[in-house]
Every structure is written in C-alpha cells, then in structure tokens.
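I am attaching a structure below and will ask some questions about it afterwards.
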Amino acid sequence: MPRPGGPGTVDGVKLDRPARRAFLVVHVVASAGWLGLSAGLLALGVAANTTGSPATVEAAVRSMQLFADRLLLPIALLTLGSGLVLALGTPWGLARHRWVWTKFWLTLATTTATVFALRPGVNDAVAAVSAGHALPDGGDVLAGPVVSLSAYVFMTAISVLKPWGATRRGRRLREAARKGRPAVPARV
C-alpha cells in the first residue's frame, strides 16, 4: 500500500538524496547550457547586424540556425523536465513557492517562444541570406536572444535568492502540516 503524500512527494514518491542530487546537477548544467546558448545566439545576432560583409552575415545566421535547430530545443526540454522532477519530488513543490512557480511558467514560455518565434525567425533569415538577399529584419535575429537571455538571467537570480515566499497553497500546506492534519484541496 503506498504511503500518503507529504511535502516533496507525488503520490507518496519522494526523490531520495542521490536521485535529487543527480537531477539537480542535470538541471543546473542544462540551465547553464541554455543561458550560454542564448549568449552565443546574441553574439551571432549582433555580428550579423553590425557587419558589412555578406559572407559574415550568412555565416552568423547559419550558425544561429545550427544552435537553434540542434541544441536549443533539446536543452530547453531537458531544463523543463528536470525542473519539474525536482519540483514534484522535493519539498520545494511546483506551486508552493512563488519563485518556483515563476520559474516554471517562464521556462514554459521561453521554450514555447523558442519553437514558435526564435527558430522560425532564424530560419527565415537563413533562407533570405542564402538566396542572396539582405538580412530581412535585423531585429528578428536579436529580439529572441535578448528576451531569452534576460529571462534566463532573471530565473538564475531567483533560483539563488528565492524571493517572495510561499504561495497561498504553500502557506495552507505548511499550516496543515503544523497542525498534523491533511490540507484542504485547492479550489479549481
């Protein structure tokens, strides 16, 4: 018979210390990789926008395409997945602390933006430059990396600082644990 769920459990399953540490390392490495890829994309976007050489523009946007198509999405999904496992398998919880909840939604939003905005923008730039045209809109290859890099720096900061305290749900669960009774389910 499964044991009842408590803080840091999902249906009574809690990550043990070695598993938690392994997922934490994976999450930090993937997050740092995502941050680094975004910085690299920004550097390439700046190079594409500031050079007068068509060959440099083409090399920069092709490199951006390689990063965006081959590396960015797998690392984004690894960051999202490892973060969810950590949130659901540790006492931090997914919706118990505002900083965790904020990171989850920002990660989901930036992953979605990578798929539906950044990658198509880079692919359009590559298609135009490969056809011998000028860079369609320099802002397209800069906006995505600027926004994503800003989001990742912000998420890194709140991961370290852990601001804002518990959510309403987190406060309710903490009070219920103190009183030794199960918490009232959240209203939907």
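The values are calculated or read from the model by the stated rules, or taken from the named source; none is laboratory data. None of the values given here were measured: they were computed from a predicted structure. For neighbour counting, all protein chains shown are included, and Cβ atoms are generated from backbone atoms with ideal geometry for every residue, glycine included. Areas reflect the complete protein model, heavy atoms only, side chains present, ligands, DNA and RNA absent. Shrake-Rupley method; radii C 1.70, N 1.55, O 1.52, S 1.80 Å.
Looking for something surrounded by 15 or more Cβ atoms within 10 Å (Cβ to Cβ) and either over 27 Å from S53 (Cα atoms) or under 19 Å from the mean Cα position of the chain (by Cα) (or both) - is there at least one such residue anywhere in the range 129-136?
Scanning the range 129-136 turns up no residue that is surrounded by 15 or more Cβ atoms within 10 Å (Cβ to Cβ) and either over 27 Å from S53 (Cα atoms) or under 19 Å from the mean Cα position of the chain (by Cα) (or both).
While we're looking at this one, here's another question. Just to be sure I understand, how many residues within the range 63-74 are within 12 Å of G121 (Cα to Cα) and buried (at least 17 other Cβ atoms within 10 Å of the Cβ)?
If we filter the range 63-74 for residues that are within 12 Å of G121 (Cα to Cα), which is where we start, we get 64-65, 68-69.
Then keep just the ones that are buried (at least 17 other Cβ atoms within 10 Å of the Cβ); that gives 64-65, 68.
The number of residues fulfilling the criteria is 3.
Looking at (1) out of contact with any helix residue (DSSP H, G or I) (no Cβ under 6 Å at 6 or more places or on another chain); (2) surrounded by fewer than 16 Cβ atoms within 10 Å (Cβ to Cβ), find the lone condition where L84 falls short.
(2)
Would you tally the residues in the range 30-62 being more than 19 Å from T114 (Cβ to Cβ), open to solvent by 40 Å² or more (accessible area, probe 1.4 Å), assigned to a helix (DSSP H, G or I) and not β-branched (V, I, T)?
Result for the range 30-62: 5.
In the range 96-128, how many residues are crowded, with 20+ Cβ neighbours inside 10 Å, without any contact (Cβ under 8 Å) to a residue 60 or more places away in the chain and among the β-branched types (V, I, T)?
4
Quick one: in the range 102-125, which of the residues that are of a type in the set (A, V, I, L, M, F, W, C) and modelled with pLDDT of 95 or more is nearest to A55 (Cα to Cα)? Talk me through it step by step, then tell me what you get.
The first filter runs over the range 102-125 and keeps only residues of a type in the set (A, V, I, L, M, F, W, C), leaving 104-106, 108-109, 113, 115-118, 122, 125.
Now narrow it down to the ones that are modelled with pLDDT of 95 or more: 104-106, 108-109.
Details: F104: 39, W105: 39, L106: 36, L108: 35, A109: 34 Å.
Filtering the range 102-125 for residues that are of a type in the set (A, V, I, L, M, F, W, C) and modelled with pLDDT of 95 or more, the one nearest to A55 (Cα to Cα) comes out as A109.
Yes/no matrix, rows are residues, columns are (1) among the small types (G, A, S); (2) open to solvent by 90 Å² or more (accessible area, probe 1.4 Å):
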| residue | (1), (2) |
| --- | --- |
| D140 | no, no |
| G144 | yes, no |
| V153 | no, no |
| L161 | no, yes |
| A166 | yes, no |
| G170 | yes, no |
| E175 | no, no |
| G180 | yes, no |
